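Following: one structure in structure tokens, then a few remarks.
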Amino acid sequence: MLTDEQKKYATQAFLSLDDRHTGSIPNTKETVIDAVRLSGLNPTEIEIDQLIKGTDFGDKLTKDDFLSMMTKVDWKQADDVRDMLKEDFRLFVDNRAVINEDEFIFILTREGRERLSLDEAKQVVAKFDKDHEGNIQIEDLIDKLLAIAPT
């Protein structure tokens, strides 16, 4: 069972992906990943595979289908995840408020369970490098990673 807050985040995520207002979104791994992340969560590919496994919603997901799927997700508190991310970044940036492009690319391509290719990492960095000088504000980065900050 989803809390009211979880249901709100999941519904907002669904509606943001239902850009044609059809009442459904594609039932693809990529869309499910986007929807779960827009709900404020950061699942691994393995967690997404487990979430999708055993569901039989066809090639489209309705909002109710998606909300039903989201009851199976481990909803960590955003503050807990935020604190964990801050601690993880602290290992690389020694309490600085920014991370530079090279450091972030290193993390994305060489650390963690799901490593990105160099091209993928550069695309991610480009989305977060607001000052266009290769510096990324860690608080802004974490907010966007959690998909809870207004864009």
Note to self: Going through the cross-link list Lys72/Lys127; Lys63/Lys144; Lys7/Lys72, which pairs have a Cα-Cα distance over 20 Å in this structure?
What the structure shows: Lys72/Lys127; Lys63/Lys144
Notebook entry, point to check: Counting only protein heavy atoms, what percent of the accessible surface of the chain is carbon or sulfur at a 1.4 Å probe?
Noted result: 48
Note to self: Taking the Cα centre as origin and putting +1 on Lys and Arg beta-carbons and -1 on Asp and Glu beta-carbons, what dipole magnitude results for the chain, to the nearest 20 debye?
What the structure shows: 340
Margin query: If you take Kirkwood radius over Cα pairs in Å from the coordinates, which of (1) 15.7; (2) 17.3; (3) 16.6 do you get?
Written below: (3)
Next item on the list: Return the single residue from Ala35, Ala121, Ala13 with maximal mean-square fluctuation; model: Gaussian network over the chain, springs between Cα atoms under 10 Å.
Entry: Ala121
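The values are calculated or read from the model by the stated rules, or taken from the named source; none is laboratory data. Everything numeric here is computed off the predicted structure, so don't read it as measured data. Quick reminder, even Gly has a Cβ in these numbers, built from the backbone with ideal geometry, and neighbours come from all protein chains shown. Heavy atoms of the whole protein, side chains included, go into the accessibility calculation; ligands, DNA and RNA do not. Shrake-Rupley method; radii C 1.70, N 1.55, O 1.52, S 1.80 Å.
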